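Below is one structure, written out as C-alpha cells; the observations come after it.
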Amino acid sequence: MKNNVSTFKDLLLVCGQHKKRIYEVIQEKEAFSLDLSVEDVRKKVKKSLDAMKDSIKIGLKSNEKSISGQCGDDCEKLQKRFTAKPALFGPLFEKITTYALATIEENLRMGKIVACPTAGSCAIVPSVLVAISEQLNLDEETQINALITAGAVGSIVANKVALAGAVAGCQAECGVAAAMSSAGLTQILGGSEKQIIHSVALALKNILGLTCDPVAGLVEIPCVKRNPFLAIHAVTASELALSGIESKIPVDEVVDSLCQTGQLMSPMLKESSEAGLAKTKTALKIEKKVFGK
C-alpha cells in the first residue's frame, strides 16, 4: 500500500476508502516500505510482543534494585498488597499495575525491554495489552493486531514531535505511550476506527504539559511510578471513547498542541534535571548519595 499516512486524518481517510481496520492499513504500508510480506511484518511485531511478555514474567519474580539502589522492589510490594487485600478496582487493575511496575523495573535492571515508545515509558503499552489479553483469553493474532494499532499511533505522533523527554517533556513519552495503549485496547474491545482515534485524543489532551524532571538524571524517579498511573489513564480514555464520548478537539490538533506545549516548556523541565522534582531537597540528597557529590 503506497498511501501516505502522516496524520490521523490521513489514517481515517485511507481506512474508509479501503474499508480496512487501522492495523490492516499499517501492516500493508510497513510491508511495502520495508519490502516484506505482511506475514513477515507480523512476525516482527510478534517478536516485540514476546519480548514484552518476557519482561513482565521476569520482572514479576525479581526485587533486585537498580544500580543506583533507589528503585526495583515496588512491584513486589504491590503484589504483596494485593495478595493480602484485593484492589478496589478488581483483578484486572491488579494485573495492569503490577505488570507495569514489573516491566519498568526490569528496564532499570538493564534486562530485555521494548521501548514503547521509549525506555522510560516502556511499561504502559505492555501492561495494558498483555493484562487485557490474558483477562479476555485473546488469541495471538488479536494481540498482534492491537500492537500494530498502538504502533501506528506512536508513528504518526512522531511525524510532528520527537518522542523524547528532552524535546517535549514526559507528555511525549508516557503521554504518547498512554495514547498508544488506549488505541490498542479500543481495537481489542471492538471499537470503530473513529472510536480508536478519539481514545487517542482523549488520552493525549489530558496529559498535556507533563514535564520530564528525573531525579539525579536517572530514568527512575518519578518515571517508575508514572508507568502504572498512565496505564490506568489509557484504560480510562478507551472506556470513554467506547461509550461514544468524543474529543471536541480533533486528534491532529491535539498533537499540534502537544508539540507547541513542548516548545514552550522550559529546557529546565525537559530531561535536564535542572528543575521540578529533580531539584527538591530530597532529590538533591539522593543525587549526592548516588554520585557522591
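The values are calculated or read from the model by the stated rules, or taken from the named source; none is laboratory data. Because the structure is predicted, anything quoted here is derived from the model rather than measured. Positions of Cβ are backbone-derived with ideal geometry, glycine not excepted, and every protein chain shown enters the neighbour counts.
All of (1) among the aliphatic types (A, V, I, L, M); (2) assigned to a loop (DSSP other than H, G, I, E, B); (3) more than 21 Å from Gln263 (Cβ to Cβ) hold for Ala162 with one exception: (3). In the set Val215, Val251, only one residue is β-branched (Val, Ile, Thr) and in contact with a Phe, Trp or Tyr (Cβ under 6 Å, 6 or more places away or on another chain); that residue is Val251. Residues of region 172-211 being surrounded by fewer than 24 Cβ atoms within 10 Å (Cβ to Cβ) and part of a helix (DSSP H, G or I), which ones? Residues satisfying the conditions are Ile188, Glu193, Lys194, Gln195, Lys205.
The C-beta contact set for region 124-153 (first residue part of a helix (DSSP H, G or I), second residue modelled with pLDDT under 95, distance under 6 angstrom, 6+ apart or interchain) comprises Val125/Cys116. Tell me yes or no: at least one residue of region 43-59 is farther than 23 Å from Thr118 by Cβ and either at pLDDT 95 or above or not in a loop (DSSP other than H, G, I, E, B) (or both). For region 43-59, residues farther than 23 Å from Thr118 by Cβ and either at pLDDT 95 or above or not in a loop (DSSP other than H, G, I, E, B) (or both): present.
Do we have any residue at all in region 70-84 that's over 23 Å from Glu193 (Cα atoms) and touching a Cys at 6+ places or on another chain (Cβ under 9 Å)? Checking region 70-84: at least one residue is over 23 Å from Glu193 (Cα atoms) and touching a Cys at 6+ places or on another chain (Cβ under 9 Å).
Selection of region 251-270 for residues being part of a helix (DSSP H, G or I) and aliphatic (A, V, I, L, M) yields Val251, Val254, Val255, Leu258, Leu264, Met268, Leu269. For region 247-257, a residue qualifies if it is farther than 19 Å from Thr211 by Cα and surrounded by 16 or more Cβ atoms within 10 Å (Cβ to Cβ), and the qualifying residues are Ser247, Pro250, Val251, Asp252.
Here's the yes/no breakdown for (1) surrounded by 16 or more Cβ atoms within 10 Å (Cβ to Cβ); (2) modelled with pLDDT under 95:
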residue: Ser62; (1), (2): yes, no
residue: Lys80; (1), (2): no, no
residue: Lys85; (1), (2): no, no
residue: Thr103; (1), (2): yes, no
residue: Ala119; (1), (2): yes, yes
residue: Cys122; (1), (2): yes, no
residue: Ser127; (1), (2): yes, no
